[in-house]
Amino acid sequence: MGSKHHVLTDAQGIPLVVRLTGANAHDVTELIALVDAVPAVAGKAGHPKSKPKIVQADRGYDSEPHRNELRDRNIEPLIAQRGQPHGSGLGKTRWVVERTIAWLHQFRRLRIRFEKRSDIHEAFLAIGCALICLRFC
């Protein structure tokens, strides 16, 4: 019972990709799917960027095969390792993602899941992300 929100944000906390899984799903199974789902970001003239340079994650995403997969894609993985003492220094920059998750959970429908169908909950999740993006403008 329950669900888990996986969020990939930019450096300012704007959600780029959000995925919904069951509460019993491991976090690491969604890491590559999140990176693959990053849309192309327009900016300077030329080819739009569609992948991040660095991926930061907590211990739930710790997996050496996934680290190697990210390195093969020229993405630097900054993922806290399990079994190591706290104080990796990732908290200084990873708080942005935690803040975005807190913003999403300010919407009661996302904090407490009332919908039985996951597609309806994903729609509310998309609306929540759109509202967060709107507030940044």
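Please name whichever of Ala37, Pro52, Ala130 sits farthest to the positive end of the charge dipole of the chain, dipole taken about the Cα centre and charges placed at Cβ: Lys and Arg +1, Asp and Glu -1.
Ala130
Using alpha-carbon pairs under 8 Å, 6+ residues apart, how would you state the relative contact order of the chain in percent? Kindly include the intermediate steps, with their values, before the conclusion.
Numbers: 158 pairs, mean separation 31.8, N = 137.
Once divided by the residue count of the chain, the mean separation gives 23 percent.
Quick check: Cα centre of the range 1-70 to Cα centre of the range 85-137, how many Å?
Using only Cα atoms, the two centres lie 13 Å from each other.
From the alpha carbon gyration tensor of the range 94-137, can you work out the equivalent ellipsoid semi-axes (sqrt of 5 times each eigenvalue) and give them in Å, largest to smallest?
Each semi-axis is the square root of five times an eigenvalue, giving 20, 12, 8 Å.
Counting other Cβ atoms within 10 Å of each Cβ, which trypsin sites (Lys or Arg not before Pro) in the range 98-137 have at most 10 and sit in a DSSP loop?
Details: sites: Arg99, Arg108, Arg109, Arg111, Arg113, Lys116, Arg117, Arg135; in loops: Arg113, Lys116, Arg117.
In loop regions of the range 98-137 (DSSP not H, G, I, E or B), the sparsely surrounded trypsin sites (Lys or Arg not before Pro) are Lys116, Arg117.
Taking a temperature of 25 °C and a viscosity of 0.890 mPa s, what whole-number D in µm²/s does Stokes-Einstein yield for the chain with Rh from Kirkwood over alpha carbon pairs? Kindly include the intermediate steps, with their values, before the conclusion.
Details: Rh = 16.1 Å.
Once the numbers are plugged in, D ends up at 153 µm²/s.
Anyone know which of Ile120, Ile79, Ile101 comes out most mobile in the 10 Å Cα GNM of the chain?
Between Ile120, Ile79, Ile101, it is Ile120 that shows the largest mean-square fluctuation.
Throughout, read-outs are computed from the coordinates displayed, never taken from laboratory work. None of these values were measured; they are calculated from a predicted model. Every residue, glycine as well, gets a Cβ built from its backbone with ideal geometry; the counts of neighbours run over all protein chains shown.
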